[in-house]
1. Check Gly123 against each of (1) small (Gly, Ala, Ser); (2) out of contact with any strand residue (DSSP E or B) (no Cβ under 7 Å at 6 or more places or on another chain); (3) in contact (Cβ under 8 Å) with a residue 60 or more places away in the chain and name the one condition it does not meet.
2. Here are some residues: Leu143, Leu128, Leu66. Which one is crowded, with 20+ Cβ neighbours inside 10 Å, in the same structural domain as Leu53 (by TED's automatic domain parsing) and more than 20 Å from Leu54 (Cα to Cα)?
3. Within the stretch 169-183, does at least one residue satisfy the condition of being more than 21 Å from the chain's Cα centre (by Cα) and either surrounded by 19 or more Cβ atoms within 10 Å (Cβ to Cβ) or modelled with pLDDT under 95 (or both)?
4. Checking the condition free of Cβ contacts under 8 Å to residues at least 40 places away in the same chain and under 29 Å from Ala78 (Cα atoms), which residue from Ile180, Ile162 passes?
5. Under the condition of being touching a helix residue (DSSP H, G or I) at 6+ places or on another chain (Cβ under 9 Å) and of a type outside the set (A, V, I, L, M, F, W, C), which residue from the stretch 214-225 is nearest to Ala328 (Cα to Cα)?
6. Looking only at strands (runs of 3 or more DSSP E) that fall completely inside the stretch 255-364, which ones have 3 or more residues that are at pLDDT 95 or above and among the small types (Gly, Ala, Ser)?
7. Could you look through the stretch 83-95, keep only residues that are among the polar types (S, T, N, Q) and assigned to a loop (DSSP other than H, G, I, E, B), and pick out the one that is surrounded by the fewest Cβ atoms within 10 Å (Cβ to Cβ)?
8. Would you check if there is a residue in the stretch 96-111 being among the β-branched types (Val, Ile, Thr) and exposed (fewer than 14 other Cβ atoms within 10 Å of the Cβ)?
Amino acid sequence: MSTLPALASRGPTSLPVPVRGSEERSAPTRPDHMIPAPHLPDLPEDGAVIGNLLAAFSASGQAVALYDDADRLRYANAVYRQIFVGGNQGDFTFPDLLRYGAAHGFGTQIEDDVEALIARTYGRRRKLPRRAFETDLLDGRWLWMEELALPNGWVMTVGSDITALKQNEKTLRRAHEEAILASRTDVLTGLPNRRYILELLDAALAGENRATSRLCIAILDLDRFKDINDAHGHETGDAVLRHFTASCRVRLRQGDHLGRLGGEEFLALIPGASLRDAVRLMDRVREGFPAIDLGAGRPGLRYTFSAGLAEAAPGDDRRTLLMRADHALYGAKAAGRNRSMAGLPGKDGVWDPRGLLGATPPAR
């Protein structure tokens, strides 16, 4: 029966390394000098323990390997050899094992040059007597690798297949992401819902560049939307809201945000624009606004919207900025709808860009 080689003197070790997408976690958290070295028991001279260990390793579904102090692979069970060298029974050093795997499509995922990986590996080995980390394989599986550096420089490596756990983890992560997205999304329009668009507004007002960058908002409200619902039904009303969403999306700038506040009311965040430019943008959105096709040979339904705008000023928070834009929206409705108006900071009145109210435009 084969026996394990006698343990050699202390020397360099060979540690498989975490690769692209790996997460390394060391077993102990204490500094190296506080971690006791593994105790090596005295083995019976009859070799019964060694023989049974070899039999157990051979029958194990785990990948088991032992490297000597010169990085030579002195023992590897069939699982380990199949994973890292495709079952090759040849003699390997640890660097040769990585090179062989990279050349023949076995072992770990290597994102860059294998020689660079080997160099990095040798630069960070023996940081801890015990290490544990995840590694992804070229065949799509994942292993949980555990390494034990013996006092004499030999290294034992045990890899356990955690592919099913990783798949469950991925499924849970995807479900978590989908739940977050659902909590932020308006079901009818697919836009950010009220809570999320207001969170985006808060974040924009609290941004690092807030003092030097401009931010405008626009509250958009469909005109006479109740009449549409009463005349055509709520199903058509829902179709109008979706149509309005799609039409605005293609007309707003990249980097602008549009969310639904509720009902027929929407909020647009317009970063980096002056108040005058934001009003012009709303006018461009309104120009040539398409009618919605109701199908069944019916004529297209045309509708309009009004907008109230405001530019964030020093000291503004969500409440004051929204209040100013809301005030401007009421002004636009009172002036006949289908238009944009802007609220000025520190004033009760609003600026009508068409001059209908006789207010003075902002000097910008």
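1. If we test Gly123 against (1) small (Gly, Ala, Ser); (2) out of contact with any strand residue (DSSP E or B) (no Cβ under 7 Å at 6 or more places or on another chain); (3) in contact (Cβ under 8 Å) with a residue 60 or more places away in the chain, just (3) comes out false.
2. Leu143
3. no
4. From the options Ile180, Ile162, the qualifying one is Ile162.
5. Out of the qualifying residues, it is Asp221.
6. Because the criterion is at least 3 residues that are at pLDDT 95 or above and among the small types (Gly, Ala, Ser), the strands (runs of 3 or more DSSP E) in the stretch 255-364 that meet it are 305-311.
7. Applying the filter and picking the extreme gives Gln89.
8. No; the residues of the stretch 96-111 include none that is among the β-branched types (Val, Ile, Thr) and exposed (fewer than 14 other Cβ atoms within 10 Å of the Cβ).
The values are calculated or read from the model by the stated rules, or taken from the named source; none is laboratory data. None of these values were measured; they are calculated from a predicted model. Cβ atoms come from the backbone with ideal geometry, glycine included; neighbour counts cover every protein chain shown.
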